[in-house]
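The values are calculated or read from the model by the stated rules, or taken from the named source; none is laboratory data. The structure displayed is predicted, hence computed values, not measured ones. Cβ sites come from the backbone with ideal geometry, for glycine too, and all protein chains shown count toward neighbours.
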Amino acid sequence: MARLFLLISVFTLSSCAIFGEYRHRHTHTTSLVQFLYPQGKLPLEDKRNPILNLPLRVGLAFIPDRSSKQVISPVLKNTLLENVKASFGSKGYVNEIVVIPEMYLQTSQGFGTLEQIKNLYQLDVIALVSYDQMVNAKDNLLSLSYLTIVGAYIFPGTGYQVNTMIDMAVIDVDSRSILFRAAGTSSSKNQIVAEGYRSQAYRKRQNAEFELAMGQMQGNLIVELTKFEQRLGEKDPNDRIKVKHRKGYTGGSVSLFLLCLLFCMALFKFKYEFRNN
């Protein structure tokens, strides 16, 4: 009878664990559209053409989260932005990349704020990073349980499913147009943690997913930067983007001095081979 009672007790506890699940959902998002148009009204199509003075001075910043809870730590944000900054720095048509402190974007929103930042830092374009992260937490008593001689010991555990999307838009402030975008995503499932470590595991999983999504976005950004570089050099008359060059900027083309040097080297090689023959 004692063994039968023990088996019934274990089955009862297991049944409670199976049918006693409940879910939590947390969503953290920063919207590019809401930041640029805080009044909620999108303007009509703007006919102004972007005029870019190469090489560009680029501003880089996260769109701040308006919620009371801090999703990404300032240290992690700075690390992620520095990685993105390195991608821009490899392009010849970019002169300087400036990481903009988030406090300049927290007080107000809209293109008026971007114009102030542009004038303050003497920028040409501004790259804004937004994100959308959804965390589904499922509590399951059976997730961490085991049977001993004296009975069943059950430790509540939580399984996390985290989906993250990060998007970066490079904006020409004067024409209020998006030059190009790059995005990255990440997703993880079945991250089980014990009850006492729920908060630490939740934050750790959040940061890890942000890093993964940011890494994918950075890879896509390199592709988009290369495409944009080709677009700047094609000089397509139908392209809305108009390009100007600052004094001393060659636009990646071969300079006159280099052409003369190559010509002299070719002439010298021709004379040397002619004499030996």
| request: Please specify each residue of the range 63-109 satisfying the condition of being under 20 Å from Thr164 (Cα atoms), among the basic types (Lys, Arg) and part of a loop (DSSP other than H, G, I, E, B). | output: Arg66, Lys69
| Check on Pro50, out of contact with any Phe, Trp or Tyr (no Cβ under 9 Å at 6 or more places or on another chain) and surrounded by fewer than 13 Cβ atoms within 10 Å (Cβ to Cβ) | no
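For (1) of a type outside the set (Asp, Glu); (2) at pLDDT 65 or above; (3) surrounded by fewer than 20 Cβ atoms within 10 Å (Cβ to Cβ), each residue gets a yes or a no:
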{"residue": "Leu141", "(1), (2), (3)": "yes, no, yes"}
{"residue": "Ile154", "(1), (2), (3)": "yes, no, yes"}
{"residue": "Thr164", "(1), (2), (3)": "yes, yes, no"}
{"residue": "Asp167", "(1), (2), (3)": "no, yes, no"}
{"residue": "Ser199", "(1), (2), (3)": "yes, no, yes"}
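Against the definition (more than 18 Å from the chain's Cα centre (by Cα) and in contact (Cβ under 8 Å) with a residue 24 or more places away in the chain), how does Lys85 come out, yes or no? I'd like the intermediate steps shown before the answer.
Values: more than 18 Å from the chain's Cα centre (by Cα): no; in contact (Cβ under 8 Å) with a residue 24 or more places away in the chain: yes.
Here the answer is no, as Lys85 does not meet what is asked.
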| said: Quick test of your reading of the structure: Arg176 fulfils all but one of (1) at pLDDT 90 or above; (2) buried (at least 16 other Cβ atoms within 10 Å of the Cβ); (3) out of contact with any strand residue (DSSP E or B) (no Cβ under 6 Å at 6 or more places or on another chain). Name the failing condition by number. | reply: (2)
| said: One residue is enough: does the range 204-216 have a residue meeting the conditions modelled with pLDDT under 90 and more than 18 Å from Asp167 (Cα to Cα)? | reply: yes
| request: Taking Pro64 as meeting all but one of (1) closer than 16 Å to Val170 by Cβ; (2) touching a residue at least 40 places away in the same chain (Cβ under 8 Å), write down the number of the exception. | output: (1)
| remark: Across the range 85-123, the tally of residues that are within 25 Å of Arg66 (Cβ to Cβ) and among the acidic types (Asp, Glu) stands at 2
